[in-house]
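The values are calculated or read from the model by the stated rules, or taken from the named source; none is laboratory data. Since we're looking at a predicted model, the values are computed, not measured. Positions of Cβ are backbone-derived with ideal geometry, glycine not excepted, and every protein chain shown enters the neighbour counts.
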Amino acid sequence: MPYLCFIFVCLCWGTSFILMDRAGHAFGPAEIGAWRMIGGALTLAAYCLFTRRWIKLSRLDWSRLALVAILANAWPYVIQPYVMQRAGEHGFFGMMVTLVPIA
């Protein structure tokens, strides 16, 4: 079973670059990054609704979380499609990121 989970993670990780390349024909890098963030937020919201577990954070925690989200998520989510549009080789990026779980 762990091998199947590993293969599933690798497929999700690797195909995201092909999907970003295809989305790059219709959207800009900022839009692709925004939709990736929205997709993650909706997934987390669905999980919270399904499990009925809510995260209680103070205002200070929310501001820190927003800063981390911008620096750790939004920035790379915009840069990846930008670099892929400039380089044009999603295969290299897909293989590079797909093999990250092995390390």
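Looking across segment 11-27, the residues that are under 12 Å from TYR82 (Cα atoms) and either part of a loop (DSSP other than H, G, I, E, B) or touching a strand residue (DSSP E or B) at 6+ places or on another chain (Cβ under 8 Å) (or both) come down to GLY24, HIS25, PHE27.
Among the residues making up segment 44-67, those that are assigned to a helix (DSSP H, G or I), exposed (fewer than 10 other Cβ atoms within 10 Å of the Cβ) and not aliphatic (A, V, I, L, M) are PHE50, THR51, ARG59.
Reported count of residues in segment 1-43, each being surrounded by fewer than 13 Cβ atoms within 10 Å (Cβ to Cβ) and touching a Pro at 6+ places or on another chain (Cβ under 9 Å), is 1. Can you find a residue that is modelled with pLDDT of 90 or more, in a helix (DSSP H, G or I) and among the β-branched types (Val, Ile, Thr) anywhere in segment 69-91? No, segment 69-91 contains no residue that is modelled with pLDDT of 90 or more, in a helix (DSSP H, G or I) and among the β-branched types (Val, Ile, Thr).
Okay, residues lined up against (1) in contact with an Asp or Glu (Cβ under 6 Å, 6 or more places away or on another chain); (2) of a type in the set (S, T, N, Q); (3) in contact (Cβ under 8 Å) with a residue 12 or more places away in the chain:
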residue: TRP13; (1), (2), (3): no, no, yes
residue: ASP21; (1), (2), (3): no, no, yes
residue: GLY39; (1), (2), (3): no, no, no
residue: SER58; (1), (2), (3): no, yes, no
residue: LEU71; (1), (2), (3): no, no, no
residue: PRO81; (1), (2), (3): no, no, yes
residue: ARG86; (1), (2), (3): no, no, no
